[in-house]
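The values are calculated or read from the model by the stated rules, or taken from the named source; none is laboratory data. Keep in mind the model is a prediction, meaning the values are calculated, not measured. Note that each Cβ is placed from the backbone with ideal geometry, even for glycine, and that neighbours are counted across all protein chains shown. Side chains included, ligands, DNA and RNA excluded: accessible areas come from the protein's heavy atoms. Shrake-Rupley method; radii C 1.70, N 1.55, O 1.52, S 1.80 Å.
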Amino acid sequence: MGVFSPALVRAQGAPLKLKFGNDVPLTHSLNVRLAEAIGAIEQETNGRLSISVFPNNQLGSDTDMISQLRSGALELATMPTTLLSTLVPAAALPAIGFVFPSYDKVWPAMDGEVGAYMRRSIEKANLQPFEAMWDNGFRQVTTSTNPIRGPEDLKGFKIRVPVVPLWVSLFAALGAAPTSIPLSEAYAALQTKITDGQENPLAIINATKFYEVQKFCSLTNHAWDGFWLLASGRVWKTVPTEFQAVMAKHFNAAALKQREDNLKDSAALKAALEGKGLTFNTTDPVQFQQTLAKTDFYKTWKGKFGPEAWALLEKYAGTIG
């Protein structure tokens, strides 16, 4: 019969117990709003549905958790779009370099046809995405050498990027020297000057204490990344429909609140990071877009994503490249 799901093996009348894994600390806005939602779900189901959260990669890396979700060993998780793209390439659509300059472009696309297209692709991998995406934030570049003011400052620049082909190719196209290093090893790489800089949302820059080994933070907004809240497709089919509806209601509402939290947190985080010694500068995204447009970057990724996905993206973001 394969993997037993908890919904199948629980005793008659016993509560349904689900595990929820993610890769952010308990203090992150995602886990704060998640705790509220889970409390509301347990209350509305009179304790018949119980969800335990395992934050901060307690259940393994994102790659491990994707495998666990697919097998049914893990029931629920939030997954960054770019890491999910290792399994579902379409998940990386919104993270293409300099496509979305601000949130007023991101959310209409994610809550509209781009998000719907991504969900259909995710479902084909036997994962059940909830409708509303959560916010991971716009990514910024930090350095220990000089601030990045324009594309020319990236020439030959040694930068740590996640193990995500899209972002390796983005920085390579801009003339930098990107190296894929897992987040857990990034601090050491910066400290020992294996790389001179890295890129991440401000919340991650703060949580990882990169400010101890970096001097400058350039607000490039070069890519946006979000989290999908996913259920194991194998398990989801066995969850009573009344529980499915309660979970969807509270998880989707929590995602909208977390988006607001993240926006407020970013302003406070900038001030906090300045207090810890980081010097900030703004940049002009148009310069970077124009530099990228002279390369094969957009053409290559349009080929990988396909014309349908690209057309949907341009409907919300405008002409790309």
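Within region 243-255, the set of residues being out of contact with any Phe, Trp or Tyr (no Cβ under 9 Å at 6 or more places or on another chain) and free of Cβ contacts under 8 Å to residues at least 60 places away in the same chain comprises ALA245, LYS249.
Looking at region 263-283, which of the residues that are part of a loop (DSSP other than H, G, I, E, B) and open to solvent by less than 70 Å² (accessible area, probe 1.4 Å) is farthest from GLY150 (Cα to Cα)?
GLY277
Filtered by the rule that a residue be of a type in the set (Val, Ile, Thr) and in contact with a helix residue (DSSP H, G or I) (Cβ under 8 Å, 6 or more places away or on another chain), region 164-193 gives VAL164, THR179, ILE181. Just one of the listed residues (ASN46, ASN57) is closer than 19 Å to THR241 by Cα, among the polar types (S, T, N, Q) and not in a helix (DSSP H, G or I), and it is ASN46. Restricting ALA254, ALA248, ALA176, ALA223 to those that are modelled with pLDDT of 95 or more and in contact with a strand residue (DSSP E or B) (Cβ under 6 Å, 6 or more places away or on another chain) reduces the list to ALA176. Reported count of residues in region 207-238, each being among the charged types (D, E, K, R) and open to solvent by less than 10 Å² (accessible area, probe 1.4 Å), is 1. Taking each residue of region 179-190 that is free of Cβ contacts under 8 Å to residues at least 24 places away in the same chain and looking for partners that are open to solvent by 20 Å² or more (accessible area, probe 1.4 Å) and assigned to a helix (DSSP H, G or I) with beta-carbon atoms closer than 9 Å, six or more apart or interchain, yields THR179/VAL168; SER180/PRO165; SER180/VAL168; ILE181/ALA188. Output the number of residues of region 152-172 satisfying the condition of being part of a helix (DSSP H, G or I) and open to solvent by less than 10 Å² (accessible area, probe 1.4 Å). Counting residues in region 152-172 that are part of a helix (DSSP H, G or I) and open to solvent by less than 10 Å² (accessible area, probe 1.4 Å) gives 5.
Do you know which of the residues in region 182-192 that are in a helix (DSSP H, G or I) and polar (S, T, N, Q) is modelled with the lowest pLDDT? Going through the qualifying residues, I end up with SER184.
Residue by residue through region 297-321, note down the ones that are assigned to a helix (DSSP H, G or I), more than 20 Å from the chain's Cα centre (by Cα) and among the hydroxyl-bearing types (Ser, Thr, Tyr). Once the filter is applied, which keeps residues that are assigned to a helix (DSSP H, G or I), more than 20 Å from the chain's Cα centre (by Cα) and among the hydroxyl-bearing types (Ser, Thr, Tyr), region 297-321 yields TYR298, THR300.
Being hydroxyl-bearing (Ser, Thr, Tyr) and in a strand (DSSP E or B) is true for just one of THR179, THR195. Which residue is that? Of the residues listed, the single one that is hydroxyl-bearing (Ser, Thr, Tyr) and in a strand (DSSP E or B) is THR179. You will find that of ASP111, ASP104, ASP64, the residue that is within 27 Å of LEU312 (Cβ to Cβ), of a type in the set (D, E, K, R) and without any contact (Cβ under 8 Å) to a residue 12 or more places away in the chain is ASP104 and no other.
For every residue, the table says whether it meets (1) within 23 Å of the chain's Cα centre (by Cα); (2) assigned to a strand (DSSP E or B).
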position: GLU199; (1), (2): yes, yes
position: ASN206; (1), (2): yes, no
position: TRP228; (1), (2): yes, yes
position: PHE243; (1), (2): no, no
position: HIS250; (1), (2): yes, no
position: GLN258; (1), (2): yes, no
position: THR295; (1), (2): no, no
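Apart from one condition, GLN43 fits all of (1) within 29 Å of TRP301 (Cβ to Cβ); (2) open to solvent by 10 Å² or more (accessible area, probe 1.4 Å); the exception is (1).
The condition of being out of contact with any helix residue (DSSP H, G or I) (no Cβ under 6 Å at 6 or more places or on another chain) and among the polar types (S, T, N, Q) holds for only one of THR63, THR82, that being THR63. Inspection of region 212-223 identifies no residue that is over 18 Å from the mean Cα position of the chain (by Cα), part of a helix (DSSP H, G or I) and either of a type in the set (Gly, Ala, Ser) or closer than 24 Å to ASP135 by Cβ (or both).
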